[in-house]
Amino acid sequence: MTAAFELILCLMILGTACVALLVRDFLAAIAFFVVFGNLMGLAWLALGAVNVALAEIAIGAGVTGVLLILTRGRLLALGEQIDGNPLGHWLNLGAAVVCSAFAVVLGAAVLSIAPDDGLAPVIDRLMPRIGVENPVTGVLLAFRAYDTLLESFVLLGALVAVWSLAPADAWPRAPAALRMTDPAALNVAESFGRLVLPIALVVAAYLVWVGSDRPGGAFQGGTVLAGGFLLAAMGGAMGLPRSDDPAFRWTLVAGPLVFLAIGLAGMALGRFLAYPEGMAKALIVTIEYFLAFSIGVTLALLVAGPPVRAETVP
Amino acid sequence: MTWVSVATGLLLFAGVFFYAAGTVGLLRFPDPAARLHALTKADHLGLAFIALAAALEWGSVAIAAKIAAVWLLAIMAAGTSAQLMARVTRQDHSDEP
Amino acid sequence: MSLPAALGHLFPLTGAALVGLGLFGFIILRHPLRQLLAVNVIAAGIFLILGGLGRGEDVTDPYPQALVITGIVVSVALTALGAAMITRLAEDRCAPAPTPEPPGDRDA
């Protein structure tokens, strides 16, 4: 039963990926990409990786989907053609042969590795020392805290890079407004945005809180928050901040900064990013809350894009 | 085979039936409004049945409350997106005489 | 629940196929935004290989899970950057006509 389910799931994943890549209409391609992301989330659930399933559905399907739709709208407004004009048949065939060969080699490499959860018992043994029960949170914020710290800086760096693409005379302004243009549609979107934003806040706080013992965590919570912000912005319930607003800049760096400060404080006690015995859980939850808030704001602004000259509509 | 598993099976069956009906409507109905009608109504009845089945399967009030919250959010989101899509299709139609 | 031996490799193999598929899309698609979507498919395939190979008897190794979460977040950051660059390029291609701006402003 499980085997049949997983086989069908894998076939559906491959099928939706094919359609997302090859369908002529790009909006349909994005729709299939979102379906693909949700099926990937189901695959992670089948693997028992609920943390990853949450992240994949929220970020891989949700945020990336919004981003692609928004970019498509902006490109169409500029008069770009996104519908694919494929290469010649022979080139297509050649690419197909090369890529299938590559996939086969990769598959052979995969088959040569036996699936193995060798690190799970090691991590299980270490978990009681940090007082957190979700092993993924343990890895992210204690055993490989380095990676997560750098990752939070990567997000910040990506936002700075996106901002650096703004035209010179647009610099400190706000990104292009996300609000809908049609007044009646705006009305619908506004009431939904006003309803969803507080719910998103509560759900994000809940996800971060349960993340220490059960599936959830800072990234998942932060993404839910970003979704709430984006919906509120689309409904016009919330404006987008100017890039030089100091309070807003502090919310962007708060997460990485608190993380770094706690890491450096750990250095005073011995090692960088080492938590003192008995205080690990409190520190981890503190870091996660700040991180989730910063991630939410950063992701929402990454989607919104660079500052623009005047009030234009995507 | 307790009565709970029988009820779960029946609810799941009803849910899948409504999903299938909604999908058939989406594929076969002629105009966008009718397709939206099939999608939102039938699919969310299907979701409701599957949510009920899941809640029954777990048999805990706390989990049932969470599932109910998820279901409520899903139908609100679907209602909003259906409204927006209906408006867009109406605009598209008025654009092309 | 014991895992049938043949099933252990199912998800990693799907991942390998996704990488090949995404690569094919990346090569044959002309528009950069479509290529960005193809890159996302490749990324999903790599994550599936990485996470799927951590599948054990009844738990999946939490270590690759954490790496995959990190990877998902980094890939969305890169997608956002790519989308912003594509939009900017399109603006530069189309902008000179509709936006009259004082000369020399752009060089400043």
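The values are calculated or read from the model by the stated rules, or taken from the named source; none is laboratory data. Bear in mind the structure is a predicted one, so any value in this text is a computation, not a measurement. Cβ sites come from the backbone with ideal geometry, for glycine too, and all protein chains shown count toward neighbours. Surface areas here come from the heavy atoms of the whole protein model, side chains and all, with no ligands, DNA or RNA. Shrake-Rupley method; radii C 1.70, N 1.55, O 1.52, S 1.80 Å.
Listing for the model above:
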{"item": "Whole-percent pair-distance distribution, where bins are 10 Å wide, for the alpha carbons of the protein assembly as shown", "result": "4, 16, 27, 29, 18, 6, 1, 0, 0"}
{"item": "Residue-count net charge about residue B:75 - beta-carbon cut-off 13 Å; Lys, Arg +1, Asp, Glu -1", "result": "0"}
{"item": "Sum of -39500 (n - 2.57) over DSSP H runs of 4+, divided by residues of chain A (222 nm, nearest 500)", "result": "-22500 deg cm²/dmol"}
{"item": "Protein accessible surface hidden between C and A, which excludes ligands and nucleic acids, total in Å², probe 1.4 Å", "result": "7200"}
{"item": "Helix B:43-58 axis, angle to chain B major axis (alpha carbon atoms, nearest 10°)", "result": "20"}
{"item": "Label zone at residue A:124, where the point sits 7 Å out along the Cα-to-Cβ direction: the stretch A:182-225 residues whose backbone N lies under 20 Å", "result": "A:212-216"}
{"item": "Debye log10 I(q)/I(0) at q = 0.21, 0.23, 0.25 Å⁻¹ for the stretch A:23-115, Cα point scatterers", "result": "-1.05, -1.05, -1.07"}
{"item": "Crossing angle, helix B:3-28 versus chain B [Cα axis fit, 0-90 degrees, rounded to tens]", "result": "10"}
{"item": "Shielding by other protein chains, A:5-14, mean Cβ within 10 Å", "result": "3"}
{"item": "Cβ-Cβ FRET estimate between residue B:87 and residue B:41, R0 fixed at 22 Å, reported to 0.05", "result": "0.75"}
{"item": "Dipole magnitude of the protein assembly as shown about its Cα centre (Cβ charges: Lys, Arg +1; Asp, Glu -1), debye to nearest 20", "result": "260"}
{"item": "Heavy-atom accessible area ranking, 1.4 Å probe, most first, across B:41, B:66", "result": "B:41, B:66"}
{"item": "Proximal charge balance of residue A:145 [Cβ under 13 Å; K/R count +1, D/E count -1]", "result": "-1"}
{"item": "Partner chain coverage, peptide A:34-43 - average Cβ within 10 angstrom", "result": "3"}
{"item": "Net charge over other residues, Cβ less than 15 angstrom from the Cβ of residue A:120 (K, R count +1; D, E count -1)", "result": "-4"}
{"item": "Shielding by partners - mean other protein chain Cβ count within 10 Å, residues of C:37-44", "result": "6"}
{"item": "Carbon/sulfur fraction of accessible area - the stretch A:159-304, other protein chains in place, 1.4 Å, %", "result": "70"}
